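What follows is a short report on a single structure.
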Ligand code: MG
């Protein structure tokens with residue numbers, strides 16, 4: 001029986017609203033504007049502790065990231081764009097410090113669309129940076145989770161092995177595999193699962209056919225192409241025992257909360273049946 005968690009945004013979501021879903025664990029995303037000072041961490045930790053909320057990971061989203069379509073993602077997301085790489089590295093190291101003060105065991109982010117050619121300067125730059133982040137995080141006993149989706153599982157796995165750090169992990173998001181057209185998520189889960197430390201329960205549909213560079217779109221859980229029952233059963237088969245962190249991004253706040261409530265119910269049913 002899997003525990004159900006939620007992915008929420010620091011400074012944008014209210015913890016009370018998340019708790020009202022009936023969940024007691026999850027992951028927090030810190031956007032670029034969120035203050036990462038020790039005082040801010042202490043305030044946030046007091047809030048989490050008072051609520052009895054168990055924080056599994058701190059995710060970073062960076063200023064300037066844009067998920068409009070695949071070429072825009074390649075140009076703007078994660079550590080791949082050289083112009084923002086060092087500034088984002090500094091920000092992410094601060095996220096690691098912040099997470100340590102909260103007692104969260106994992107940090108994570110989208111590192112961007114890693115070039116498939118291992119001799120590409122951006123591949124080398126990102127790989128070396130991921131090593132540096134892992135070494136920083138290791139001082140706190142943290143793992144660093146690479147979010148899936150922006151590359152096929154075999155490319156991510158080759159990169160993962162090349163980085164070669166004990167505390168590097170995968171944060172598996174099945175919807176991203178579909179939305180980026182990176183491969184069938186259940187197969188990818190079997191391939192990446194042995195390195196998985198955390199999971200997003202998110203749903204989505206494949207990119208529209210014949211539109212170059214288009215991304216698929218996110219859907220409420222159970223209404224996309226992931227196949228949530230198969231996803232949950234496969235997690236069980238590979239021996240995963242962590243929480244299923246529901247992730248739902250949509251502009252309409254009411255719709256998002258309603259989708260989150262529905263997702264909790266759906267996963268409870270699937271988890272109980274597994
Ligand atoms: Mg995700």
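If the condition is being assigned to a loop (DSSP other than H, G, I, E, B) and either exposed (fewer than 14 other Cβ atoms within 10 Å of the Cβ) or within 17 Å of the chain's Cα centre (by Cα) (or both), then the stretch 221-237 contributes 221, 226. Remark: residue 81 falls outside the filter, which requires a residue to be surrounded by fewer than 23 Cβ atoms within 10 Å (Cβ to Cβ), under 22 Å from residue 134 (Cα atoms) and at pLDDT below 95. Of all the criteria given as (1) within 16 Å of the ligand (Cβ to nearest atom); (2) at positive phi, the one not satisfied by residue 148 is (2). Once the stretch 151-176 is narrowed to residues that are within 16 Å of the ligand (Cβ to nearest atom) and assigned to a helix (DSSP H, G or I), the residue that is farthest from residue 218 (Cα to Cα) is 156. Identify all residues within the stretch 134-147 that are farther than 19 Å from residue 192 by Cβ, under 18 Å from the mean Cα position of the chain (by Cα) and part of a helix (DSSP H, G or I); write none if there are none. Within the stretch 134-147, 137 is the sole residue that qualifies.
Considering the stretch 192-208, and only residues there that are more than 14 Å from the ligand (Cβ to nearest atom) and at pLDDT 95 or above, the residue that is surrounded by the fewest Cβ atoms within 10 Å (Cβ to Cβ) turns out to be 208. With respect to being within 16 Å of the ligand (Cβ to nearest atom), under 20 Å from residue 72 (Cβ atoms) and touching a helix residue (DSSP H, G or I) at 6+ places or on another chain (Cβ under 6 Å), residue 216 fits the description. Look at (1) more than 24 Å from residue 64 (Cβ to Cβ); (2) more than 18 Å from the chain's Cα centre (by Cα) and you find that residue 129 fails only one, number (1). Only residues that are surrounded by fewer than 24 Cβ atoms within 10 Å (Cβ to Cβ) and touching a residue at least 12 places away in the same chain (Cβ under 8 Å): list them for the stretch 177-191, please. Across the stretch 177-191, the qualifying residues are 180, 181, 182, 183, 186, 187, 190, 191. Taking the numbered list (1) surrounded by 16 or more Cβ atoms within 10 Å (Cβ to Cβ); (2) not in a loop (DSSP other than H, G, I, E, B) in turn, residue 43 passes all entries but (1).
The residues of the stretch 5-27 that are within 18 Å of residue 95 (Cα to Cα) and touching a helix residue (DSSP H, G or I) at 6+ places or on another chain (Cβ under 8 Å), listed by number, are 8, 10, 26.
The values are calculated or read from the model by the stated rules, or taken from the named source; none is laboratory data. Everything numeric in this text was worked out from a predicted model, so none of it was measured. A quick note on method: Cβ atoms are made from the backbone with ideal geometry, for glycine too, and the neighbour counts reach across all protein chains shown.
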